[in-house]
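Novice: Okay, handing you the structure first.
The values are calculated or read from the model by the stated rules, or taken from the named source; none is laboratory data. Source: prediction; values computed, not measured. Note: ideal-geometry Cβ built from the backbone for every residue, glycine included; neighbour counts use all protein chains shown.
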Amino acid sequence: MKILCVVGARPNFMKVAPVHAALVRRGVSSVLVHTGQHYDERMSDVFFRDLGMPRPQINLEVGSASHAVQTARIMEAFEVVLLREQPDGILVAGDVNSTIACALVAVKLGVRCAHLEAGLRSFDRTMPEEINRVLTDAISDVLLTPSPDADANLAGEGIAAHRIVRVGNAMIDSLVAHLPHAAATRTVESLELQPRGYALVTLHRPSNVDHRDGLASLLRVVARISHRLSIVFPVHPRTRARLVEFGLNPILESAGQLRLIDPLGYLEFLALQASARVVLTDSGGIQEETTALGIPCLTLRGTTERPITVAEGTNTVVGTAPERILSAVDDILAGRAKVGRIPSLWDGRAGERTADALVARWQTRAEPPAQQPAAG
Ligand code: UD1
């Protein structure tokens, strides 16, 4: 059996690594295809090393562009690969542009598609990721979900139960496997931080960083917190570009203990999360990693597509209003941090369950894809 496992952007790597490894253990020919949506050493290459994942056999090298151009480039290049490789199915993960682009190519060629991390919904259609999630789920054959809320969302969209398999959270497989190696990086020590003595901040959502006033307001909050608690802030390339474009660096000059650093590798970032007093973020995956680690997380958005991290975990969705963020930080510093538990099936075995589901469903070979894709 041959399966193409697609990765494209940073949050895909830690989800697909355990599935790829589990497929290989079952004798499946699992071919890693990197779209090249993320391409920097720090946004891509370091993750393959840190996760012990083989280099992708195929790299489409599409790079950065507008949504339409990036998606179109991925589709064009992936179609050629799919026609050549003739797999039994493909696996896409998460909610990035690479996810929908490759799913769309596959289903139009009659190639079966499985979506890992299916069913999550923020119900905010201004987020590009929400569009990617809804569309990928609508067309994929197998919907691999992390939690019961995801199953319920899919059922609510009329998706038949036989397409849905709850496998748990594959990203937590990587966390469980690599946490010991993360501690060995001594990242906290090398940044001269005290365990539980700092806040970790990340910001990269277009809604938070692409508007000058909104980004300025968040940076002022970060600067205020930094007078009470050390802050380390690995800066995403999108955010770095906006800081310069909007001329916002002066806000940070008024800060207290604040370190802006380049994006970190997987192990280094995991080490920083595991020892933080609090994490302030607009990322999706970090909401889940902090829940798995038992570290308080404040999500700087109005919604989350991962409500289980709020219902069961350590996450609080605080939005972007400065006073709300500051009072949530106060609560944590006063010892009133939220205590959570780890959701079921976030147990380090989601990759195994995913591989079992795909092998069971795709044992019989589908019709090969049409040699000549015909439009119209
Ligand atoms: C993408 C995902 C987002 C995910 C995020 C993680 C979509 C729609 N968004 O957003 O869901 O949370 O990745 O990082 O797919 N850049 C580099 N080097 C790189 C990659 C990007 O410098 O390796 C810069 C480029 O200037 C680019 C910008 O970052 O224009 C944004 O990259 P892009 O892939 O368009 O989206 P992200 O904001 O990273």
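Novice: Could you tell me whether ASP95 is within 16 Å of the ligand (Cβ to nearest atom), outside the structural domain of ASN208 (by TED's automatic domain parsing), within 30 Å of ILE231 (Cα to Cα) and not in a strand (DSSP E or B)?
Specialist: For ASP95, the condition - within 16 Å of the ligand (Cβ to nearest atom), outside the structural domain of ASN208 (by TED's automatic domain parsing), within 30 Å of ILE231 (Cα to Cα) and not in a strand (DSSP E or B) - is met.
Conditions tested, residue by residue: (1) among the aliphatic types (A, V, I, L, M); (2) in the same structural domain as ALA9 (by TED's automatic domain parsing); (3) within 14 Å of ALA199 (Cβ to Cβ).
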position: ARG277; (1), (2), (3): no, no, yes
position: LEU298; (1), (2), (3): yes, no, yes
position: ARG301; (1), (2), (3): no, no, no
position: ILE325; (1), (2), (3): yes, no, yes
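Novice: So, one more: Determine whether region 112-133 contains at least one residue that is farther than 26 Å from THR299 by Cα, at pLDDT 95 or above, of a type in the set (A, V, I, L, M, F, W, C) and assigned by TED's automatic domain parsing to the domain that holds THR35.
Specialist: yes
Novice: Among (1) in contact (Cβ under 8 Å) with a residue 60 or more places away in the chain; (2) more than 16 Å from the ligand (Cβ to nearest atom), where does LEU51 come up short?
Specialist: Exception for LEU51: condition (2).
Novice: For region 227-283: of the residues being over 16 Å from HIS204 (Cβ atoms), part of a loop (DSSP other than H, G, I, E, B) and among the small types (Gly, Ala, Ser), which is nearest to the ligand (Cβ to nearest atom)?
Specialist: That would be GLY265.
Novice: Let me ask another. If I ask for residues that are within 12 Å of the ligand (Cβ to nearest atom) and either farther than 16 Å from HIS115 by Cβ or of a type in the set (Val, Ile, Thr) (or both), which ones from region 11-25 would you list?
Specialist: PHE13, MET14, listed by residue number.
Novice: Out of all the residues in region 186-198, is one or more modelled with pLDDT of 95 or more, aromatic (Phe, Trp, Tyr) and over 30 Å from ARG259 (Cα atoms)?
Specialist: Looking for residues that are modelled with pLDDT of 95 or more, aromatic (Phe, Trp, Tyr) and over 30 Å from ARG259 (Cα atoms), one finds none in region 186-198, hence no.
Novice: Related question: Looking only at residues in region 135-173 that are crowded, with 18+ Cβ neighbours inside 10 Å and free of Cβ contacts under 8 Å to residues at least 24 places away in the same chain, which one is nearest to the chain's Cα centre (by Cα)?
Specialist: ASP137
Novice: Only one of (1) modelled with pLDDT under 95; (2) in contact with a Leu (Cβ under 9 Å, 6 or more places away or on another chain); (3) under 22 Å from ALA93 (Cα atoms) fails for ALA366. Which number is that?
Specialist: Among (1) modelled with pLDDT under 95; (2) in contact with a Leu (Cβ under 9 Å, 6 or more places away or on another chain); (3) under 22 Å from ALA93 (Cα atoms), ALA366 violates only (2).
Novice: From the list THR185, THR202, which one is buried (at least 16 other Cβ atoms within 10 Å of the Cβ), within 23 Å of the chain's Cα centre (by Cα), under 18 Å from ARG306 (Cβ atoms) and in contact (Cβ under 8 Å) with a residue 40 or more places away in the chain?
Specialist: Exactly one residue qualifies, and that residue is THR202.
Novice: Please indicate, with yes or no, whether at least one residue in region 275-284 is touching a Cys at 6+ places or on another chain (Cβ under 7 Å), under 20 Å from THR187 (Cβ atoms) and not aromatic (Phe, Trp, Tyr).
Specialist: yes
Novice: Any residue in region 339-361 that is farther than 25 Å from ASP141 by Cβ sitting within a Cβ distance under 8 Å of a residue that is part of a helix (DSSP H, G or I) and small (Gly, Ala, Ser)? List the pairs, counting only those 6 or more apart or interchain.
Specialist: Pairs that qualify, where the first residue is farther than 25 Å from ASP141 by Cβ and the partner is part of a helix (DSSP H, G or I) and small (Gly, Ala, Ser), are ILE342/ALA292; GLY348/ALA177.
Novice: How many residues are among the small types (Gly, Ala, Ser) and either within 16 Å of the ligand (Cβ to nearest atom) or more than 17 Å from ILE308 (Cβ to Cβ) (or both) when one looks only at region 135-150?
Specialist: Adding up the residues that qualify gives 2.
Novice: Collect the residues in region 114-134 that are away from the ligand (no atom under 16 Å from the Cβ) and surrounded by fewer than 22 Cβ atoms within 10 Å (Cβ to Cβ), keeping them in residue-number order.
Specialist: Matches in region 114-134: PHE123 only.
Novice: Can you confirm whether ARG224 is under 21 Å from THR185 (Cα atoms) and of a type in the set (Lys, Arg)?
Specialist: Criteria not met by ARG224.
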